[in-house]
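The next block holds one structure in the form of structure tokens; read it before the comments.
The values are calculated or read from the model by the stated rules, or taken from the named source; none is laboratory data. Just so we're clear, the structure is a prediction, and the values are computed from it rather than from any experiment. Don't worry about glycine lacking a Cβ; one is built from the backbone with ideal geometry, like all the others, and counts go over all protein chains shown. Side chains included, ligands, DNA and RNA excluded: accessible areas come from the protein's heavy atoms. Shrake-Rupley method; radii C 1.70, N 1.55, O 1.52, S 1.80 Å.
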Amino acid sequence: MSRFSNLGHRLYQGEVSFDFVGRRKLWYSISGVIVLVAAIGLAMGLHLGIEFKGGSVYTVSKPGLTVSQAQETADNIVSSHPLVQSTDNGKIRIQVSTDETKSSDQVRSELSQKLSVPLDTVEAQVIGPSWGKQISQKALTGLIVFMILVTVYLAIAFEWRMAVAALVALLHDLLITIGVYALVGFEVTPGTVIGFLTILGYSLYDTVVVFDTVKENTKGLTKQNKLTYSEAANAGLNQTLVRSLNTTVVALLPVAALLFIGGGLLGAGTLNDISLALFIGLAAGAYSSICVATPLLAQLKEEQPDMKELRKQVLRHRASAAAKAEAEAAGGDEAEADEQPAGMVGQRGRSAGTARAKGRPSTKR
């Protein structure tokens, strides 16, 4: 853990940096593949719950009754592929679509007989498709209003390019989450809609935190010639990287417990409605804020004339600094080359003098 904290400090100080913005083509390719798979799943159709398509719901209360036993009994009574789930209070919930030809009273009576329970312990509720249609329309209206308000807020608080990048990230997360729902075949209920709206808010929050740091790092950027906008944005992204990962992990832990333990091991199927949406959406939101929103923002900003000119100045400055360093290195090499022959001459002179001294006859008698 101390190493991770040290890494976060080094990222914030700029001692360590991961080039997320510079690898935007890689992230775009990964997102494109994921979105394509999600779109294929969405084209296959969503498994809408009874609240959206209408039907009948039968709740049976019997100690010891399992989901498999109730499923087998329901399959023998109705022919429209009923959905059987266990509820949080230990009851069995049987959903029958509107395609069923038998009346509600007839199905209720047969469930009472074959499950050997009193008729008054089998509760029946008929839901019309018009109610689900109204819920769907209201959810869609709320989503559109939410998107408009988010775009206006970001355009005022930051700028329109940040609003566009955040909106693309939101649509990215929403499409992936809905596509995964379609692929795994989970039922879409009102709880699922709540989960969708929740992940949009979380994704927006994470993106705004990153954008706020990027805004601070790029303030007065055109007055210097050492960093381009993409590099400054990438530095801001690295400063918030550990924070984003910590927030995401902390948020995913309880959701994973609901999904895998509550819904998977304990069999509380009703938890899957909202937990899957939250789990996929939180993970996609963290990914999009790092690998989609910020790189897209940098790409949009780099198209501005002043940012293009800044990039040219930065490149010229770096080229000049590199040429200067190369010239200094070359001058140092020439100086060493000049000193080396002079030393060799001096050494040869000393050697010759010594040889002559050795060959000169001695004057002593």
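Taking 0.36 nm per residue of separation and subtracting the Cα-Cα distance, what length does fully extending Val250 through Ile148 add?
On the way: separation 102, 0.36 × 102 = 36.72 nm, distance 2.94 nm.
Contour length minus the Cα-Cα distance gives 33.8 nm.
Express the relative contact order of region 151-309 as a whole percentage, based on alpha carbon pairs under 8 Å and six or more residues apart in sequence.
On the way: 180 pairs, mean separation 59.4, N = 159.
Normalised by residue count, the contact order of region 151-309 is 37 percent.
Per 0.36 nm of contour for each residue apart, how much would the distance between Val126 and Phe260 grow if the chain were fully extended, relative to their Cα-Cα spacing?
Numbers: separation 134, 0.36 × 134 = 48.24 nm, distance 3.11 nm.
So the extension gain works out to 45.1 nm.
Taking 31 Å as the cut-off for C-alpha to C-alpha distance, list the pairs among Lys138/Lys215; Lys114/Lys138; Lys25/Lys226; Lys62/Lys133; Lys138/Lys219 that go past it.
On the way: Lys138/Lys215 36 Å; Lys114/Lys138 40 Å; Lys25/Lys226 24 Å; Lys62/Lys133 33 Å; Lys138/Lys219 41 Å.
Table pairs above 31 Å Cα-Cα are Lys138/Lys215; Lys114/Lys138; Lys62/Lys133; Lys138/Lys219.
Could you compute the net charge surrounding Val314? Neighbours are other residues with a C-beta less than 12 Å from the C-beta of Val314; K and R count +1, D and E count -1.
Values: positive: Lys226, Lys308, Arg311, Lys312, Arg316, Arg318; negative: Glu231, Glu302, Glu309.
With Lys, Arg at +1 and Asp, Glu at -1, the net is +3.
Considering only Met147, Trp160, Leu83, whose Cα is most displaced toward the positive end of the charge dipole of region 37-194, charges sitting on Cβ of Lys, Arg (+1) and Asp, Glu (-1)?
Positive-end residue among those listed: Trp160.
With a probe of 1.4 Å, find how much accessible area region 124-189 has per residue, and write the answer as a whole number in Å².
52 Å²
In the full protein assembly as shown, how much of Glu326 is accessible to a 1.4 Å probe, in Å² to the nearest 10?
Answer for Glu326: close to 130 Å² accessible.
Based on the alpha-carbon gyration tensor of region 158-248, what equivalent-ellipsoid semi-axes (square roots of 5 times the eigenvalues) come out, in whole Å, largest first? Walk me through the numbers on the way to the answer.
Details: eigenvalues 222, 32, 23 Å².
For region 158-248, the ellipsoid semi-axes come out as 33, 13, 11 Å.
Taking H placed 1.01 Å from N in the peptide plane, check which residues at least 5 places from His47 or on another chain put their amide H under 5 Å from its amide H.
So His47 has HN proximity to Val188.
Could you provide, to the nearest whole Å², the per residue accessible area of region 29-78 with probe 1.4 Å? Don't skip to the end; give the middle numbers.
Values: 2490 Å² over 50 residues.
It amounts to 50 Å² per residue over region 29-78.
May I ask for the distance between the Cα centers of region 276-303 and region 213-243, given as a whole number of Å?
Their Cα centres are 17 Å away from one another.
Considering the options Thr73, Gly41, Ser97, tell which one lies farthest towards the positive end of the dipole of region 25-122, charges being +1 on Lys and Arg and -1 on Asp and Glu at the Cβ, about the Cα centre.
Looking along the dipole axis, the top candidate is Gly41.
So what's the net charge close to Thr192: Lys and Arg +1, Asp and Glu -1, counting the other residues with Cβ under 12 Å from its Cβ?
Details: positive: none; negative: Glu51, Glu187, Asp273.
So the surrounding residues net to -3.
Roughly how many percent of the accessible protein surface of region 25-125 is carbon and sulfur, given a 1.4 Å probe and a whole-percent answer? Kindly include the intermediate steps, with their values, before the conclusion.
Values: 3100 of 5580 Å².
It is 56 percent, rounded to a whole number.
Ignoring any ligand, DNA or RNA, what whole percent of the accessible area of region 173-260 comes from carbon and sulfur when the probe is 1.4 angstrom?
Values: 2460 of 3530 Å².
Result for region 173-260: 70 percent of the exposed heavy-atom area is carbon or sulfur.
If you place +1 on the Cβ of every Lys and Arg, -1 on the Cβ of every Asp and Glu, and leave all else neutral, what size is the dipole of region 55-109 about its Cα centre, to the nearest 20 Debye? Walk me through the numbers on the way to the answer.
Details: 5 positive and 6 negative charges, 40 e Å.
In total the dipole reaches around 200 debye.
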